[in-house]
Amino acid sequence: MKAYQRLQFDLLLGIAVERFVERITHRCGGYEAALARLRADPQGEGVWLDEFVQAFLRDFLLDNPAGACFVLQALERRRIAAPQPSTIGTMLEQMALRAFADLLAAKTVETLEMSSATMEES
């Protein structure tokens, strides 16, 4: 991946983390509750990780095979489970969704932990 593409992906990920943190802290009633729910069930009430990622990728026009290739190229070293057999395009999109969602969850946990620690210090 070229440097400009890496920068674009990192900015995209930063936007996703910011929006997701804002969304789940609002829905769950604070940083600690959001962190607990995200860890317990990323697809559960108030979190809905995959639903958020699908909408986010759609909003940024990455919900297609070319967009999936962009995401997968940025995350080429990450491990994911094999998707359900389907067309190549659908499988690429499934892999991109899973890889991006997993990374988003990890980055969101980091952000929520830092925010929670900052709130405790105040």
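The values are calculated or read from the model by the stated rules, or taken from the named source; none is laboratory data. This one's a predicted model, so the numbers in the text were calculated from it and none came from an experiment. Positions of Cβ are generated from backbone atoms using ideal geometry, with glycine treated the same way; all protein chains shown enter the neighbour counts. Areas reflect the complete protein model, heavy atoms only, side chains present, ligands, DNA and RNA absent. Shrake-Rupley method; radii C 1.70, N 1.55, O 1.52, S 1.80 Å.
Looking at the range 42-53, can you tell me whether even one residue there is closer than 13 Å to Ala96 by Cα and either β-branched (Val, Ile, Thr) or under 13 Å from the mean Cα position of the chain (by Cα) (or both)? Checking the range 42-53: at least one residue is closer than 13 Å to Ala96 by Cα and either β-branched (Val, Ile, Thr) or under 13 Å from the mean Cα position of the chain (by Cα) (or both).
Filtering the range 72-108 to residues that are over 11 Å from the mean Cα position of the chain (by Cα) and of a type in the set (Val, Ile, Thr) leaves Ile80, Thr87, Ile88, Thr90. Checked against the criterion of being open to solvent by 80 Å² or more (accessible area, probe 1.4 Å) and closer than 22 Å to Phe20 by Cβ, the candidates Glu93, Glu110, Glu76 yield just one match: Glu110.
Listed here are the residues, each with its yes/no results for (1) touching a helix residue (DSSP H, G or I) at 6+ places or on another chain (Cβ under 7 Å); (2) of a type outside the set (Asp, Glu); (3) at pLDDT 95 or above.
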residue	(1), (2), (3)
Gln43	yes, yes, yes
Val47	yes, yes, yes
Val53	yes, yes, yes
Leu62	yes, yes, yes
Gln73	no, yes, yes
Ala82	no, yes, no
Leu92	yes, yes, yes
Val109	yes, yes, yes
Met114	no, yes, no
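Going through (1) loosely packed, with under 12 Cβ neighbours inside 10 Å; (2) over 23 Å from Glu51 (Cβ atoms) one by one, Ala81 falls short only on (2). Of the residues making up the range 1-51, those that are among the acidic types (Asp, Glu) and open to solvent by 100 Å² or more (accessible area, probe 1.4 Å) are Glu18, Glu22, Glu32, Glu45, Glu51.
Listed by position, the helices (runs of 4 or more DSSP H) inside the range 9-102 whose residues that are in contact (Cβ under 8 Å) with a residue 12 or more places away in the chain and of a type in the set (Val, Ile, Thr) number at least 1 are 49-59, 65-74.
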